[in-house]
Amino acid sequence: MKETWQGLVAAMQFLTRIPVPFSVPFTNEVLKRSTFFFPLAGFCIGGLVWAVGWGLLHLLPVFPAAALTLTLAVALQGGLHMDGWMDTADGVLSSRSRERMLEIMKDSRSGAMGVIACVLLLLLKWTFLVSLMELGLWNGWVVVPFIWSRVAMVLALASKPQARPEEGLGGYFLGVKAGHVTIAYLLGFALAALAVAASGMADAGTSLSALTGLGLSSSDAAMVMSVAAPLLCTAGACLPIQYLSRKLGGLTGDTYGAINEWTEVVGLLLLLLAATGKG
């Protein structure tokens, strides 16, 4: 029980800036166990983003409401994954040797490619949030991409070797295996179902016009999306996992952050495509 509690606290403290007034040792065993709760960290971040976004929509026009909601989403993560996204872009897009790419990624300074990648990522997220708000899809489905993007990191930790096992944050998670992925997926399914149910399964299903347009009832549409979302997000996550591992000879702490950001965007895009019927 103590080990489980330590893993939960470590996941929240490592992946979020949500205050958790407990102290746990950040050892390899504790951090490996924390991967069980990565989906819960995503659920908490996504839930706060949804709740604050809902409130802002009642106070402000859509554009500033989406901008402030996005600001909260970044702040809740302390910029951790965004930093990984930028460092990965600096290294991988430098067209240098593998060794030089890894050196660039270790540099605390941000280069041109990292800044460009950051701006484009934030622009994409903001436009997706604006569109979801305008379409009336600001419900529990918004939480789902935050859940599966964290599960994607567990998948990456278990499926590919470390490029720098002797250093960096990624090295603290050595030994994550298929069992950790299984538990993360099971918890992810449960939390995604809870998020959708909390906002009303029928209402959430009705807003997915692409699925209801196929003749499905709103509840059936929501059930289909509950299965499709993790499958499609996993498929989307496999692209950077395979590409980065091949490019760098493994993955690093920065690439896990990049994979999280990529999968989160993929999840929001898929949600938008399902809502507009243009997928």
Checking the structure you have, find out if any residue of the stretch 170-189 is open to solvent by less than 50 Å² (accessible area, probe 1.4 Å), modelled with pLDDT under 90, farther than 30 Å from Asp107 by Cβ and of a type in the set (Val, Ile, Thr). no
Note: among Val52, Val20, just one is in a loop (DSSP other than H, G, I, E, B) and farther than 24 Å from Leu155 by Cβ, namely Val20
Read through the list (1) modelled with pLDDT under 90; (2) open to solvent by 60 Å² or more (accessible area, probe 1.4 Å), then give the number of the only condition that Pro161 fails. (1)
Looking for whichever is among the small types (Gly, Ala, Ser), open to solvent by 30 Å² or more (accessible area, probe 1.4 Å), out of contact with any Lys or Arg (no Cβ under 9 Å at 6 or more places or on another chain) and modelled with pLDDT under 90 here; the options are Ala221, Ala275, Ala229, Ala198. Which one fits? Ala198
Within the stretch 131-152, how many residues are open to solvent by 10 Å² or more (accessible area, probe 1.4 Å) and of a type in the set (A, V, I, L, M)? 2
Among all residue pairs at least 6 apart or on different chains, which show Cβ distances below 9 Å where the first residue, located in the stretch 1-24, is without any contact (Cβ under 8 Å) to a residue 12 or more places away in the chain and hydrophobic (A, V, I, L, M, F, W, C) and the second is surrounded by 11 or more Cβ atoms within 10 Å (Cβ to Cβ) and part of a helix (DSSP H, G or I)? Val20/Leu8; Val20/Val9; Val20/Met12; Val20/Gln13
Pairs, please: C-beta under 7 Å, at least 6 apart or cross-chain, first residue within 18 Å of Leu80 (Cβ to Cβ) and in the stretch 241-259, second modelled with pLDDT under 95 and part of a loop (DSSP other than H, G, I, E, B)? Leu251/Lys160; Leu251/Ala163; Thr252/Ala163; Thr252/Arg164; Thr252/Gly168; Gly253/Gly168
Could you list, in sequence order, the residues of the stretch 249-269 that are surrounded by 23 or more Cβ atoms within 10 Å (Cβ to Cβ), more than 19 Å from Val176 (Cα to Cα) and among the aliphatic types (A, V, I, L, M)? Leu268
Would you say Arg150 is over 15 Å from Ala258 (Cα atoms), of a type in the set (Lys, Arg) and in a helix (DSSP H, G or I)? no
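The values are calculated or read from the model by the stated rules, or taken from the named source; none is laboratory data. Just so it is clear, the model here is predicted, and its values are computed rather than measured. Don't worry about glycine lacking a Cβ; one is built from the backbone with ideal geometry, like all the others, and counts go over all protein chains shown. Just the protein is used for accessible areas: all its heavy atoms, side chains included, with ligands, DNA and RNA removed. Shrake-Rupley method; radii C 1.70, N 1.55, O 1.52, S 1.80 Å.
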